[in-house]
Each structure stands twice: as C-alpha cells, then as structure tokens.
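Input: a single structure, listed below in structure tokens.
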Amino acid sequence: MPFAPGSSLPPARFPMAQLLVSVRDAAEARIALAGGAEIIDVKEPSRGSLGRADEAVWAEVAAVCDATGDSPKAALSVALGEAKDRPTLLETPLIPPGATWAKLGLSGTLPPDEPPAGDEKANGGEGPRWPWDWLDARFQYEAIAMEEGAFGWVAVAYADHAACAAPAPADVLAEASAVGCGVLLIDTFHKDGRGLFDHRSDEELTKLGDAAKAAGLRFALAGSLTLETVPRALACGADVIAVRGAACDGDRTGGLSEAKVRALKAIMASGGRQPPEPSAPERSGAERSAS
C-alpha cells in the first residue's frame, strides 16, 4: 500500500541505501556531490531514459569525482543508451577509467515472436535472442576498455517492459545472475508522467529485490521517483535510490538543485520518514513585547 509523507513507516529494510543522482555535466556533478550523493551517474536526459552523454562529458565528470584517485569522492556510473542502438565498434567510446558501473537498456530487443524465457528449443536451440544481443553490446564496450581497468555491469529491467519491447524484470534478473552483473536496476523506459509504482506493486518489487539479493546482486530502484515515493522504494528493499527528475528544478531536463538532493538524502537518512520542519526560532522578550 502507498505510504503518505509523514505517516508511520516500517524502518527501511536496508537503512544504508545509497543515493545515485544522474547528472548531465561536470557542474551538475559538483551540485550532486555537495548535496550528498554517493553515486554520480552520467546521462543525457534529452536522449532517453538511459541517454548516453558525450565521451568528453564522461571525462569531465570523472575528474570531478576523482574517479581514479586513491579516495574517490563518489562512485561513477555511466549510462550507455539502449543495447539495440549501440554504435559501431570503431565509434564505441571508452568507458572512463575509474568508472564503477555501466548500464545498457534492453528496449526493442524483444521481437513480437520472441519465445518465452527458458525455451531452450527456440532459435535453433539457442533460446531467446535478447540475451545474446545484450552480451554482444557488453562485449563491445569491454573490448574497448580492456586496457583501461575493470568496471561492473548494471542489469537494467524496465518496469514498463511490455510497452517498450524489453524482457520482463524476472527474466533480466535470471540472466544478470548468470553473467555476473553486480546490480539489478528497475527503471521506467517511458518518461510520461507515470512512475515506477504505476507499473509495479510494492509486493512485486520487494520480491524482485529479495531474489536479486539472494543471487548476490545489489538492488536499485528508479523510474520517476519523487520525495513522496522514495520511502516506498526503501521499504521495498532498495540498496540504491536512483533519481534525476526528483533532484531537478522542473522536470528531468531541468537543472540540478542542491537543496533537492539534500532533501532526498535527509529522507533516506531518516529511514524513509519525512524529516520534521525546522521550528521557528523563539523570540526574545523584547520582541514579544514589541508585538
């Protein structure tokens, strides 16, 4: 059931959940860091749910995070767009050294006649085709980055998968576990005013989170989360809360707000409870007499 702001909430199942903020440039990365974000994710929101930013922007944000230093200011994540839209091998950008995570979307990888997951007789005995497309895309980036250090993969499952021809979250989790991904992220592909909880119930997400952790993956939730729905995401067991629009002035294409990042951190630090409004300072006797 939904939790209203300020209502009595159960303690967050994972009180040390981290805040991931998606930024579009180095200036926004500084704002996110100042607000307390532990993970800086580089994406270009005008290019889609996981819009890939330019390689130069990756490098600039990595420098702000001191990603290759002995004590990085934050973990660095990069969004690579959708696997089906990946560049040619010669045009594949280098994942910035020091990056912790990279993620590819799976929209458009499920044709209408795609066999069900687990059908080993399909495609000449190879099973569903989308895991191979995902593997090809990951290998492409890994091949370019081979000499520059390791990074981990975030498996992205779309809560609105049926509307974007993507595999179901449970199928993505099964494949992610098999290939050694470190994180399962549930996001929304369409940014149309609906959010994560418009597509998936609290119970469904909690079960996915439990299954991800049982498989050794961290569990991240995104999808137009707001200050009001972050407590629900925490109660579902999220290890990582991932936001863009909730940290911006206006919609997800607006500028980042340090005050909004701090507000998100405050509600996470409180275990999902809205922090109390600061009380007005008590007036002095002279001030009371004057009034």
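The values are calculated or read from the model by the stated rules, or taken from the named source; none is laboratory data. The structure displayed is predicted, hence computed values, not measured ones. Cβ atoms come from the backbone with ideal geometry, glycine included; neighbour counts cover every protein chain shown. What goes into the accessible areas is simple: the full protein's heavy atoms, side chains included, and nothing from ligands, DNA or RNA. Shrake-Rupley method; radii C 1.70, N 1.55, O 1.52, S 1.80 Å.
At full extension, Thr226 and Leu135 could sit 29.5 nm farther apart than now, given 0.36 nm per residue minus the alpha carbon distance.
A simple spin-label model places pseudo-atoms 7 Å from Cα toward Cβ; at Glu203 and Lys73 they are separated by 4.5 nm.
Viscosity 1.002 mPa s, temperature 20 °C: Stokes-Einstein D of segment 180-243 from its Kirkwood Cα radius, in µm² per second?
Values: Rh = 11.7 Å.
Value of D from the Cα-based Kirkwood radius: 184 µm²/s.
The per residue volume of the convex hull around the alpha-carbon atoms of segment 224-270 is 64 Å³.
Relative to the Cα centre, what is the charge dipole magnitude of segment 6-108, using +1 at the beta carbon of each Lys and Arg, -1 at the beta carbon of each Asp and Glu, and rounding to the nearest 20 debye? Mind showing how you got there, number by number?
Working: 10 positive and 13 negative charges, 77 e Å.
That gives a dipole near 380 debye.
Residue ranking by accessible heavy-atom surface, 1.4 Å probe, largest first, among His199, His190 comes out as His190, His199. Residue pairs exceeding 31 angstrom between C-alpha atoms, taken from Lys73/Lys207; Lys207/Lys265; Lys84/Lys191: Lys73/Lys207.
Per the Debye formula on identical point scatterers at the alpha carbon atoms of segment 146-252, with no solvent, log10 I(q)/I(0) at q = 0.18, 0.20, 0.21, 0.23 Å⁻¹ is -0.84, -1.01, -1.09, -1.25.
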